[in-house]
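Everything on this sheet refers to the single structure shown next.
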Amino acid sequence: MAVVASHLGLAPREINVLSSLFSMLEGTSRSKMEVLFVDLQKNEVRKQPPDILFINQDDFESVYAWNALARQYPYTVPVFVCAKETLPNQGQYILKRPIMLRKIVSTIQTIANLVTKTLPSTPSIKQLSVLVVDDSFSVRKYMEHTLPSLFTGQLGLNFAVDGSDALNMMNNKFYDLVFLDVIMPGIDGYKVCKSIKSKHRAAVVMLSSKKSPFDRVRGTMSGCNAYITKPPSVSKLKKILDKCVKNHNK
């Protein structure tokens, strides 16, 4: 799993430290993931926003720039680098200066754990088991934060990083609803959807950056129940959950 990190307003020395630390982490057993540290201004980053963004909290212009980018990068996790440790807001992380390897590893692993755990559920008559299948760390993180806030019942939420992983999980557990990415390593979402529909009763919602009518038709032909584009709006996710609950409780 590749995690893309970038920065806003950090000093050249701190950028060099972060770059060196990420190079050390990449491919090691300590990181358990591929970590890429890139320049936010590069075109390839604009096409795929960073999963983690280190922001100089002591610099007003950097904080202001992040406030302007927050809507453009809804999946990005902000990590504020500051001289004095302060209490973070919900969904934010604080990294106190000086930047050290131990602190970087701890911060990244804390963020990564958000998308690898099964969320605790709240007691309710309504129950729903949901699987999110996407190779993007940031998309899984966004769904992990958003879906529980839209559902008042007992929500079991799990994640898969590719089609093969998803099919294996579905063979071992029943899911009411599957959010399924289209473009993934290995088996694409259309083939995964066909396989799910041939063996399971789960509703499948295709979750894709592809917006053309042709892609929507392909989704329909593969058997999906709905096709929504990224980033999914809160209102669309709420409607999908409500409809799934209604069908589930019939």
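Any read-out appearing in this document is the output of simple, stated calculations on the displayed coordinates, not a laboratory observation. Being a predicted model, the structure only gives us computed values, none of them experimental. Cβ sites come from the backbone with ideal geometry, for glycine too, and all protein chains shown count toward neighbours.
Report the gain in length on full extension from A68 to S198: 0.36 nm times residue separation, minus Cα-Cα distance, nm rounded to one decimal.
Roughly 42.3 nm would be gained on extension.
Starting from the Cα of S209, step 7 Å along the direction of its Cβ; do the same at S235; then give the gap between the two resulting points in nm.
Those two pseudo-labels are separated by 2.5 nm.
Would you kindly calculate the translational diffusion coefficient of the stretch 175-225, applying Stokes-Einstein with the Kirkwood radius from alpha carbon pairs, for 37 °C and a viscosity of 0.692 mPa s, and quote it in µm² s⁻¹ without decimals?
Working: Rh = 10.8 Å.
Here the translational diffusion coefficient equals 303 µm²/s.
By how many nm would the segment from I187 to N172 lengthen if fully extended, with 0.36 nm per residue of separation less the alpha-carbon distance?
Details: separation 15, 0.36 × 15 = 5.40 nm, distance 1.91 nm.
This chain segment gains 3.5 nm when fully extended.
What net charge is computed for the residues neighbouring C193, neighbours being all others with C-beta under 11 Å from the C-beta of C193, Lys and Arg scored +1, Asp and Glu -1? Walk me through the numbers before you get to the answer.
Values: positive: K191, K194, K197, R218; negative: D181, D188.
Around C193, the surrounding residues sum to +2.
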